[in-house]
Amino acid sequence: AALAAAAFPDRPARVASVDVAKAFVGLDEQKSLEGGLKSLGERMAAEKDRMSRELQDLNAELESYKPGTPPYNETLKKVEAAVGAMRAQDQFGQLKLEAERATALRELYARIRAASEAVAKDSNIDYVVVNDSLVPVEPAGLAATQQQLNTRRFLWANPEMDITDAVIARANADFKAKGGTVPAAPAAPAAPPAPAPKP
């Protein structure tokens, strides 16, 4: 028993907590990834718009032919193919965005873990826990409320032991050190010109 006890430090464990939701929002890398995802979404929306205009043109062409004629039948096949392609593109776009968001979420979580470890080692902290007591229990039915409560691990945590800001600062410093950049915030809309003085 003495040998097993000698393997552990002869001091109380030091524990700190992190608000993971706040950490995600505070990461510069998250803002950068969101910018990339927004750009991807815009490109996919532009492609969908292009395909929609193409379909409208085909429908207009179809209406110019008499039903049952060879040009009508040929154009009808093109319309059906365009509808199928548009649906496939829409489904692909949704799946692609979802997959990219999931990948980004995993990467950001890994950054939060790495930054938490670095802060903990620098501060001689033994355990860093997720402070899930900060998130309110959402109003729901009995089963959903029980499920929310069963996933909780903390009832309360001393805010003095919260290292979220230090974790965010460390992760942001690491991101910048690797050459990461944050997209510029959109410019504020210009103020309308002042009305001309009345003569």
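Bear in mind these aren't lab numbers, they're just calculated from the coordinates by the rules spelled out. Note that this is a predicted model, so its numbers are computed, not measured. So basically every Cβ, Gly included, is an ideal-geometry build from the backbone, and we count neighbours across all protein chains shown.
General remarks:
- Of the trypsin sites (Lys or Arg not before Pro) in region 10-115, those whose Cβ has at most 15 other Cβ within 10 Å and which sit in DSSP loop: 14
- Label-to-label distance, nm, for residues given as residue 47 and residue 85 (7 Å Cα→Cβ offset): 1.2 nm
- Over region 12-177, relative contact order from alpha-carbon pairs under 8 Å, at least 6 apart, %: 46 percent
- Across region 123-132, computed HN-Hα scalar couplings (Karplus, 6.51 cos²θ - 1.76 cosθ + 1.60, θ = phi - 60°) run 9, 6, 9, 8, 9, 10, 10, 7, 8, 7 Hz from first to last residue, x flagging Gly and Pro.
- Chymotrypsin sites (Phe, Trp or Tyr not before Pro) within region 96-180, DSSP loop, no more than 14 other Cβ atoms inside 10 Å: 154, 156
- Environment charge at residue 159 (Cβ cut-off 13 Å; Lys +1, Arg +1, Asp -1, Glu -1): -3
- Contour excess over end-to-end distance, with Cα ends at residue 142 and residue 92 and 0.36 nm allotted per residue: 14.3 nm
- Remark: spin-label model distance residue 69-residue 174 equals 6.8 nm, labels positioned 7 Å along the Cα→Cβ axis.
- Restraint check, 48/176; 38/78; 31/96; 121/176; 31/178, Cα-Cα greater than 27 Å: 48/176; 38/78
- Projected area averaged over orientations for the chain, convex hull of C-alpha atoms, nm²: 26.8 nm²
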